[in-house]
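Shown next, in C-alpha cells, is the structure this report addresses.
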Amino acid sequence: MPLCPGTPTPAHSTVTETHVITTTDLTKVYRSRGREVTALDGVDLHVREGEVYGVIGQSGAGKSSLIRCVNLLERPTSGTVTVAGQDLTALAGRGPRAGRELRQARSRIGMVFQHFNLLSSRTVQDNVELPLEILGKSGAERSRKARELLDLVGLADKAKAYPAQLSGGQKQRVGIARALAGDPKVLLSDEATSALDPETTRSILALLRDLNRQLGLTVLLITHEMDVVKSVCDSAALMENGRIVESGTVSELLATPGSELAAALFPLDGEASGEDRTVVDVTFQGESATQPVISQLARTYNIDISILGAAIDTVGGLQVGRMRIELPGRYEDNVVPIGFLREQGLQIDVPGHESALAKEGAK
C-alpha cells in the first residue's frame with residue numbers, strides 16, 4: 001500500500017490481513033483516433049475486509065476508470081484485479097464460458113452510480129427486482145427480497161411509486177437497494193452523492209456506513225469531496241494523473257508529516273510573522289483533542305504562543321483536531337518544546353522541516 005515517499009509501511013499491513021479488493025500494477029490505456037490516453041498507470045490498491053475505503057482526486061485523476069476496472073466494466077490494459085479471492089481479469093476472456101463466469105462474479109459486487117440509472121417505466125420495487133430477474137429468481141423470491149431491501153434503505157412505503165415521483169436522495173436509496181439484491185460482499189460507489197444536496201448527502205453516507213456495519217459490507221467509493229472521506233471512510237487513497245500517490249488508514253494519514261490528504265481534510269492557513277518564528281502544525285486525536293496541551297506548553301517553557309488557525313471535527317467516529325501555532329525563535333531553538341508536544345502523543349508537522357522531524361522520530 002503506497003504512502004508518501006519515505007513513509008513506513010502501515011502497522012495494519014500484515015500477512016494475515018484479509019484484502020477483499022486488490023489491484024496489482026493496474027493499467028488502463030484508452031485509444032482513440034491514433035492517440036493514447038493513460039487513465040491508470042500501475043495502480044496498486046488494497047482494500048481490507050469490512051472497511052469503507054475512499055479514493056479521492058480531481059476530475060481526470062483516474063478514479064472512475066479504477067472503480068470500473070474493479071468489476072471489469074472496463075477491461076484493464078494490463079495488471080490484475082482480485083475481488084474476494086477471485087482473479088476477475090482471468091475471467092475476462094473472449095469465450096462464452098469466461099463471460100458467464102465473469103457475470104457470476106459481478107453478481108457478488110454491487111454498484112451504485114452517480115445518476116441512479118433507474119428505469120423510468122418500472123416501479124421502485126420492479127427496479128430493485130431487476131438484478132434478481134437476470135439471475136433467474138422466481139417472482140415470489142424477487143418480491144420478498146425487494147421488499148426486504150426497500151425496508152432496509154427506508155423506502156418500504158415507496159414500492160409502487162415510479163422514479164419520477166421520488167426525490168434525488170430517494171432515487172439513490174433505490175439504487176443502493178438494487179445494488180444489494182445479489183447479496184454482495186463488496187459495494188462500489190461511483191460518486192454516489194455528488195448530484196445530491198449536502199443534507200441528503202449526509203443521509204446517504206450514513207446509510208452506507210450503516211450497511212457496512214450491519215451487513216459486513218466492504219465499500220469502495222470514489223469521490224472528489226473531502227467531506228465524504230471525513231464522514232465515513234476508514235482508509236483513503238489520493239489519485240493524481242492515474243496513480244495512487246498516497247494511501248493508508250485515515251488515522252495514519254493524519255499522523256503522517258507532509259500528508260496531502262491530511263492537509264486537505266483539515267486545511268490550515270497562516271504564515272510565520274517573521275524569519276525568527278517557527279510554524280508548527282499539531283494534530284490531536286481521541287482523548288488528546290480535549291487536553292489543554294498548548295497552555296501546558298506555554299507554562300512549562302514560559303513562551304508566548306500564537307494560534308494561527310484551528311479546526312476540529314469527527315472523522316470515522318473519532319474526534320480529531322488540527323491547530324497551526326507559531327513559536328518564538330527558529331526551528332533549532334524550538335526542538336525541546338516540539339519534543340514536549342510529541343511526548344504528549346500529538347502528531348507534529350513543521351512545514352519545511354519534515355525530514356528533520358522524521359530523523360527525530362526514528363531515534
ask   = Using the 10 angstrom Cβ neighbour count as an exposure proxy, how do GLU240, GLU246, GLU36 rank, fewest first?
value = GLU36, GLU240, GLU246
query = Taking a spot 7 Å from the Cα of MET226 along the direction of its beta carbon, which residues of segment 264-283 have an amide N less than 12 Å from it?
reply = 264-269
message = Between ASP151 and ARG33, what's the calculated FRET efficiency when r is the beta-carbon distance and R0 is 56 Å? Round to 0.05.
response = 0.65
task = Could you calculate the FRET efficiency of GLU332 with ILE312 from 1/(1 + (r/R0)^6), where r is the beta carbon distance between them and R0 is 35 Å, rounded to 0.05?
result = 0.70
key: In sequence order, calculated HN-Hα J values of segment 277-284 (Karplus, 6.51, -1.76, 1.60; Hz; x Gly/Pro)   = 10, 10, 8, 10, 9, 10, 10, 10
ask   = With each pseudo-label sitting 7 Å past Cα toward Cβ, what's the LEU73-SER273 distance in nm, one decimal?
value = 5.3
message = Using square roots of five times the C-alpha gyration tensor eigenvalues, list the equivalent-ellipsoid semi-axes of the chain in whole Å, biggest first.
response = 44, 24, 17
message = Charges at C-beta only: +1 for Lys and Arg, -1 for Asp and Glu. How large is the resulting dipole of the chain about its Cα centre, in Debye rounded to 20?
response = 2120
With Cα atoms, 0 to 90° folded angle of helix 168-179 axis to the chain main axis = 70
remark   = Simple spin-label estimate for ALA298/ILE134, 7 Å along Cα→Cβ, in nm, reads 6.1
query = Mind checking the angle between helix 124-134 and the chain's longest principal axis? C-alpha axes, 0 to 90 degrees, to the nearest 10.
reply = 70
request  = Determine, for ILE244, ILE303, ILE338, the number of other Cβ atoms within 10 Å of each Cβ, and report the residues in order from fewest to most.
outcome  = ILE303, ILE338, ILE244
note = Taking Cα atoms only, helix 198-215 is inclined relative to the longest principal axis of the chain by an angle, in degrees rounded to 10, of 80
query = Which residue fluctuates the most in the chain, going by a Gaussian network model with Cα springs under 10 Å, if the choices are LYS145, LYS137, LYS230?
reply = LYS137
Computed helical MRE - 222 nm, the chain, DSSP H runs ≥ 4 contributing -39500 (n - 2.57), nearest 500 = -9500 deg cm²/dmol
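Every number here is computed from the coordinates shown, using simple stated rules; none is lab data. Worth saying up front: this structure is predicted, and the values here are computed from it rather than measured. With ideal geometry, Cβ positions are generated from the backbone for all residues, glycine too; neighbour counts draw on all protein chains shown.
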